[in-house]
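Here is the structure we will look at, set down as structure tokens.
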Amino acid sequence: MRTHYPTRNRQAVGVARRIALVTDSLDGKGNAMNETITRYLQCWNETDDRARRALVEELFAADASYVDPMVELEGRDEIDAAIAAVQAQFPGMVFTQLGEVDAHHRQARFGWGLGPAGGAPLVKGFDVAVLDEHGRVATVLGFLDKVPS
């Protein structure tokens, strides 16, 4: 990104650099965060332990945190174990993205559903994911909008 700020105006140049970082994260179709969210949901749907662990290692920062109304997790091991526990609690169910990803800077919010493949979700919620400076998921804040009674 080319800046037209005077070189003495360090604050303006710093702002321009931050704008460039955000602009560089966008692709021609909208938002590169879509791919990250797709991979995030793939983690939750992967039932093979080794394949899921590989996805978790690739996607999450080593010290990533995940918090929703049911759990508070720290690190890849706890996140991977929680995903396995959810899969055991809801066998045969899959996570799907509901709606569009709304993202800016290094953060995104998106809706999701959990239900039978091709069917209506039994559970609905939304998550907010924040990436670290390396593009890995550092924080996930989860919210539940609909749960079975």
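Set against the 2.2 N^0.38 Å expectation for a compact globular protein, the stretch 31-146 has a Cα radius of gyration ratio of 0.97. Could you give the nm distance between label points at residue 84 and residue 141, where each point is 7 Å from its Cα heading toward the beta carbon? Between residue 84 and residue 141, the simple spin-label model gives 3.0 nm. Please give the net charge around residue 125, taking every other residue with its beta carbon less than 12 angstrom from that of residue 125, where Lys and Arg add +1 and Asp and Glu add -1. Surrounding charge for residue 125 is 0. Extension gain, residue 107 to residue 128: 0.36 nm times the residue separation minus the Cα-Cα distance gives 6.9 nm.
Read-outs throughout are calculated quantities, based only on the coordinates presented, and are distinct from any laboratory measurement. Keep in mind that this is a model prediction, so the values were computed, not measured. Cβ atoms come from the backbone with ideal geometry, glycine included; neighbour counts cover every protein chain shown.
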